[in-house]
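Okay, structure first, notes after.
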Protein chains: 2
Amino acid sequence: MTDLTAVLSDILGAPHVLTGADMAPWTCDWTGQYRGEPLAVARPADRDQVAAVLRLAGARGLAVVPVSGRTGLNGGAMAQGAIVLSVDRMNRIRQINPRSRIAVVEAGVIVAALDAAAEDHGLMFPLAFGASGSALIGGVLSTNAGGANVLRYGNTRDLCLGLEVVLADGRVLDLMQALHKNNSGFDLRDLMIGAEGQLGIITAAVMKLHPRPAERATAMVAMASLDAATDLLNTLQDASGDAVVAFEFMPRAFIEGHLALHPEAREPFDAPHPVNLLVELAATRAGDLAGTFEQILTTQLEAGIIADAVIAASEAQRRAMWARREAAAEISFARRPVLDTDIALPRDAVADFLRRIEPLLRAIDPGCEVLSVAHLGDGNIHYTCWPSRDDAGLKAALRAQIDALAVGMEGTFSAEHGVGISKLAPMARHKDPVALEVMRAIKAALDPQGILNPGKTLPRTHHDPDL
Amino acid sequence: MTDLTAVLSDILGAPHVLTGADMAPWTCDWTGQYRGEPLAVARPADRDQVAAVLRLAGARGLAVVPVSGRTGLNGGAMAQGAIVLSVDRMNRIRQINPRSRIAVVEAGVIVAALDAAAEDHGLMFPLAFGASGSALIGGVLSTNAGGANVLRYGNTRDLCLGLEVVLADGRVLDLMQALHKNNSGFDLRDLMIGAEGQLGIITAAVMKLHPRPAERATAMVAMASLDAATDLLNTLQDASGDAVVAFEFMPRAFIEGHLALHPEAREPFDAPHPVNLLVELAATRAGDLAGTFEQILTTQLEAGIIADAVIAASEAQRRAMWARREAAAEISFARRPVLDTDIALPRDAVADFLRRIEPLLRAIDPGCEVLSVAHLGDGNIHYTCWPSRDDAGLKAALRAQIDALAVGMEGTFSAEHGVGISKLAPMARHKDPVALEVMRAIKAALDPQGILNPGKTLPRTHHDPDL
C-alpha cells in the first residue's frame, strides 16, 4: 500500500479507495479513445470527504479528476497520474417535493433514476439522451448536458435551481436554493455548471421537475430537403401551441447505418427519403394531440412541404422510432477509425452546412465517409467522419475542417458534449481570445495550484501547434 | 472646462459629455432615495468609445458607473464622484430574424421598443414590468430583470443568447452568438448578466423572441387565503397545458391603496376578498382559451378552492386589470417614509411568510403599515413597509427583519431588483460567505483596480456594522 493509498483510506475507509487492477474501469473511456493510469480512485461518501481529498491533493500538489457516469465523449474524465474522485457513492435522492416540483439530489444519482422517482409523483426529469441510464447528475451538471428535449425543457443548466460545490481548496460553496428568482450577486451557479470540474466539484443540486405529459404524439416525417425544415418547425410550434418537445434529423445514410446494425428494424417509410425527421409533441392537458398532429401534417403534405409522415400508433412504435435515433453513438463507433464531432449552428444554417462540408472533407481525404444526425430544433449536429486510414494528422485535419466551417457560419465547435480533451485545439483556434483570457483568470483565482482536472477545457496557449 | 471633460470630449465629441446642471437627471434616482454628484456623464456611441472611456478611467484611477434607463430601485446607478457611462445612445436594433426568432440589439434599446419591433413580425419580447417603457436592454441584462411573465418565459438571463461586454481595461469580450447550444468553456455570458456592471459594461446582445400569443385569457380570481394558491397554480398549469403566463397576488390592502390613488378605478369583485389574483393564460394556437379558463375556474369555484372569478371580456378590461397590478411602485412610493423590499421564497412558503412578518415588524415599530404584492408564481414578494417615523436606524431594523425572516424560511433577500446599494447589508449578513469570497476573487481578477461601479453589489466585509 502506497502512502497515498493509506492516507486516502484514512479519509474514506479502505474499501472506498481503489488501486491497481481495481481501477480498470477508470483507465479508458467507453469509446476507447482516451486512456490514462490514475494514481488511485477515491469514492467519497459525502461533501466533507470530497473536501478532505481536495485538501490532501492540494497539500501534495496532486491533480484530481472528478468523475461521474463516464459516458462522456471528449475525454474529460481521463486521469493520467491523477486521483480520480468518483461521485458515484453520493447517490441519494434526498427529497422530492411534488408541490414545488423540485428534487434535491446528490451528484451520484443516475439521471434515469431521478426521472423514475419523479414519475411516482406524476412528474418527470426531462433530460433525455442515449446514456441517461448510466450518466449521473454530477456529470450532466458539469458538462451542461443537452439531448433530445432541450427544445422544450432546456439543457441541464435550465433544469437546475441550486448547487453545492466543493472548491479546489476544500471550501464548500453553498448555493442550494429552490428559488425561481434570486438576484443576490454574481451567477456562480451557472458558472459552475458546464465548467467540466475546472472550478470545483459539484456534490449536490436542486433540480426542477416538470409535469409528466398527459399525452404524447410522435411521428416520422419525410422531406425532400432540409431547406424548409426551420419553417416547418415554426409552423408545428405555433399550430400545436408550443407542444414540440423533439425535432430530430436523420439523413438517409443514418437510416441505412441503423438497418445494417439492426436488420430486425424497419424502414421508417415505404420509400427512402433524404430527410427523415423524428418529431414529438407532448402536452400536460389531455386532448387530442394525435388528431391535431395529423391535421397539421396533412396540411403540410398537401402543401408539398413534407413528402410523407407516419404517426406512431402505439407506444411500441414510438419506442422503435426513438430506438433508431438513440442508436447514433452505436452507429458512429461501430466502425473505426472514427472521429465524432458535436457542433451547433444557427438553426436555419444547418442545411447549408451539410451541403458544404462533405466536398470539403473529401478534398482532404477522398476516401472518407460521413454521417450526420442532428437535434435540429437546437441547430445541433453530431457529425461523424470515418477517415480512409487511421492517421492522427489526417483526423486532426478533418476535425479542423468541420470546426472551421461551423465557426465560419456563425456556429460553434462544441454544442453539448463539452470541450474535455478533444476540443482543446478548436478552443485555442476559434474561441474569442478575450473569453479565453477571462476563463484563465477565473481558473487562476479559484484553483491557483491548478489541481482540478488539469489539461482539459482550457488550452494552454492560443493557436498552440501541439494541440 | 476641466481636463477630464476635455479628454472625454476628445473621445466622444463635446455634445456627448455632460457636466454641471446638464447632469441633473443623473444625480438622483426616481424614488428620491439615492443621490450623488458624478464627475461627468459620458454618452458613448459605440463599444470602441466605451473601451476608450474605460481606459481613460483606468489610467486615472477614476470610478465608472454604467447607467441605463435609471428605473432601478436599489441605487445601483448612483455615481458619487464617478464618471457616469450612459449607454442610451447605443440604441439600434441591428437585426430582427423572424425565422430564427432572435433580435440583435444594442444596450440602449428601450425594452418596450424591442417588443414593438418584434410585433411587426408577429413575435414578442416577453419581458414585462411597470418600467418597460423606460428601461433599456443594458440595464435589464445587468440586473437580470424579472417581472410578471417570468413564470412562462423566464427572466432576462433566459431570454439572452449572446452578449458583447467591454471589460474594465477596455478589452472586448465577444460572446455575440445566436446559438441554442454552446458548451465551449465557462458560462461567461450568465456571469456577466446580473453582475450589476461590476465585471464589465454590456454594449450589445442577441435576445430571444417568442411567438406573439394568438389568444390571451385574463382573470381576477378571489380566494379566502393564500394557502391553496400553489395547488391552484399547479392545477391551472396542468389543465391549461402550461398556458399560465402570469400569476400575481394582491392583498385587499393593495386593492384599497390603488382605489385611494385612482378613484376612477373599479373594485375587482362585487365583495372585498383578502386574496386577489391576476391570472393570465396565453397560447400561440388559437382555440378557446377563455372557454377552457372558464371551465377550470368553474370547477375550482364549485370545489370551494376559489371564492370568485371575473374573466376580462375585452382588451380594455384586461388592461384595467394590469394597470392595477402595475401601479405597485406608484402605491408604495406615494407615501413617505417608505422602505421597499424584494424577496423570494419557495412558492408554497409565501402564505406563511406573510402571516409571520407583520407581527414581527409591529414588534419593532407598532405604528408601521405594510403592503405586499407578489409575482406569486415565482415566490417573489415586493414587500413595502411605511414606518411610523423617518429614522434610518428604524428603517434598517425593519428591513433586516424582513430579510432575516425570508432567509430563515429558505428564501432570498434579493429576488429580482438586485443588490445595488440597498441590499449590501443583507449580502454581508446572509449570503453564503464562500460565495462572497468567490465573487470578490472574480471581481479582483477582472477589475483589479476596482473602477467599475464601486461600493455596490459586493459588501466590503462580512457583517460590516457600518452597512
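What follows draws every value from the coordinates through simple rules; no lab data is involved. As the structure is a computational prediction, the values presented were derived from the model and not from experiment. Glycine gets a Cβ as well: all are built from the backbone with ideal geometry, and neighbour counts include every protein chain shown.
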With charges only on Cβ, +1 for K and R and -1 for D and E, what is the dipole size of region A:57-104 about its Cα centre, in debye, rounded to 20? 300 debye
In vacuo Debye scattering of region B:198-319, one point per C-alpha: log10 I(q)/I(0) at q = 0.15, 0.18, 0.19 Å⁻¹? -0.74, -0.95, -1.03
With a Förster radius of 35 Å, plug the Cβ-Cβ distance of B:GLN317 and B:ASP352 into 1/(1 + (r/R0)^6) and report the FRET value to the nearest 0.05. 0.60
Compute the label-point distances linking B:ASP288 to its equivalents in the other copies; points lie 7 Å from Cα along Cα→Cβ; give nm, one decimal, shortest first. 1.3
With angles folded into 0 to 90 degrees, how steeply does helix A:229-240 sit against the dominant principal axis of chain A? Use alpha carbons for both and round to 10. 90 degrees
Relative contact order, percent, of chain A when contacts are C-alpha pairs under 8 Å separated by at least 6 residues? 15 percent
Of A:LEU127, B:SER388, B:LEU4, which is farthest towards the positive pole of the protein assembly as shown's charge dipole, taken about the Cα centre with +1 and -1 on the beta-carbons of Lys, Arg and Asp, Glu respectively? B:LEU4
Cβ charges +1 (Lys, Arg) and -1 (Asp, Glu), total dipole of the protein assembly as shown, debye: 1500 debye
Give the nm distances, rounded to one decimal, from B:ALA45 to the matching residue in every other copy, measuring between label points 7 Å along Cα toward the beta carbon; shortest first. 6.8
Let's test the formula: R0 of 45 Å, r as the Cβ-Cβ distance of B:ALA112 and A:SER388. What FRET efficiency results, to the nearest 0.05? 0.20
Hey, could you pull the Cα Rg and Dmax for chain A, both in Å? 22.7, 74
Percentage of interatomic Cα-Cα distances in region B:239-298 larger than 16 Å: 55 percent
Can you give me the long-range amide H partners of A:ALA63? Hydrogens built in the peptide plane at 1.01 Å from N, cutoff under 5 Å, separation of 5 or more residues or another chain. A:ILE83
Plugging the Cβ-Cβ distance of B:THR2 and B:ASP22 into 1/(1 + (r/R0)^6) at R0 = 22 Å yields, to the nearest 0.05, a FRET efficiency of 0.95
Label-point separation, A:ARG55 to A:THR298 (7 Å along Cα→Cβ), nm: 7.0 nm
Considering the Cα trace of region B:93-211, what is its radius of gyration and what is Dmax, both in angstroms? 13.3, 41
Would you kindly state how much longer the chain becomes between B:ALA363 and B:ASP231 on full extension, computed as 0.36 nm times their sequence separation minus their alpha carbon distance, in nm to one decimal? 44.3 nm
Show me A:272-284, B:386-398 ranked by packing, highest mean number of other Cβ atoms within 10 Å first. A:272-284, B:386-398
Could you please report the charge total around B:ALA271, scoring K, R as +1 and D, E as -1 over all other residues with beta-carbon less than 13 angstrom from its beta-carbon? -2
Which lysines, if any, have their Cα less than 23 Å from the Cα of A:LYS443, not counting same-chain residues under 8 positions apart? A:LYS423, A:LYS431, A:LYS456, B:LYS181, B:LYS431, B:LYS443
Potential extension, A:GLN95-A:ASP169 segment - 0.36 nm per residue separation minus Cα distance: 23.8 nm
Environment charge at B:ASN183 (Cβ cut-off 10 Å; Lys +1, Arg +1, Asp -1, Glu -1): -1
Dipole magnitude (debye, nearest 20) for region B:335-417, charges at Cβ of Lys, Arg, Asp, Glu: 260 debye
Packing-wise, with mean Cβ within 10 Å as the measure, how do B:79-89, B:14-24, A:199-209 rank, highest first? A:199-209, B:79-89, B:14-24
Ordered by packing density, taken as the mean number of other Cβ atoms within 10 Å over each peptide's residues, highest first, how do B:303-310, B:178-185 rank? B:178-185, B:303-310
Let me know the volume per residue of the alpha-carbon convex hull for region B:145-197, in Å³. 89 Å³
Within the set of other residues whose C-beta is less than 15 Å from the C-beta of B:ASP227, count the net charge using Lys and Arg as +1 and Asp and Glu as -1. +1
Tilt, helix B:350-364 to longest principal axis of chain B (alpha-carbon atoms), in degrees rounded to tens, equals 70 degrees
Considering the options B:LEU62, B:LEU85, B:ALA178, tell which one lies farthest towards the positive end of the dipole of chain B, charges being +1 on Lys and Arg and -1 on Asp and Glu at the Cβ, about the Cα centre. B:LEU62
Inter-chain shielding of B:232-241 (mean C-beta neighbours from other protein chains, 10 Å cut-off): 4
What does the copy distance list look like for A:GLY304, label position 7 Å along Cα→Cβ, in nm and ordered from shortest? 6.4
Alpha carbon centroid spacing (whole Å) that separates region A:1-43 from region A:261-292: 44 Å
Determine the gain in length on full extension of the stretch A:ALA271-A:GLU119; use 0.36 nm per residue of separation and subtract their C-alpha separation, reporting nm with one decimal. 50.9 nm
When the charge dipole of the protein assembly as shown is computed with +1 at the Cβ of Lys and Arg and -1 at the Cβ of Asp and Glu, the Cα pointing farthest to the positive end, of B:LEU301, A:TRP30, A:PRO448, is that of A:PRO448
Taking each residue in B:187-193, count the Cβ atoms of any other chain within 10 Å of its Cβ, then average. What number comes out? 6
Per-residue average of Cβ from other chains inside 10 Å of A:431-437: 6
Label-point gap, in nm, between B:ALA14 and B:ALA400 - each point 7 angstrom along Cα→Cβ: 5.3 nm
Computed over the Cα atoms of the protein assembly as shown, what is the convex hull's projected area averaged over all directions, in nm²? 39.0 nm²
To the nearest 500 deg cm²/dmol, what mean residue ellipticity at 222 nm is calculated for chain B from DSSP H runs of n ≥ 4 alone, each contributing -39,500 (n - 2.57), summed and divided by the residues? -10000 deg cm²/dmol
Out of region B:139-228, which GluC sites (Glu not before Pro) are coil in DSSP terms and have no more than 13 other C-beta atoms within 10 Å? none
Relative contact order of region A:164-207, defined on C-alpha pairs under 8 angstrom at six or more residues apart (%): 56 percent
Taking only C-alpha pairs under 8 Å that are 6+ residues apart, what is the relative contact order of region A:345-467 in percent? 22 percent
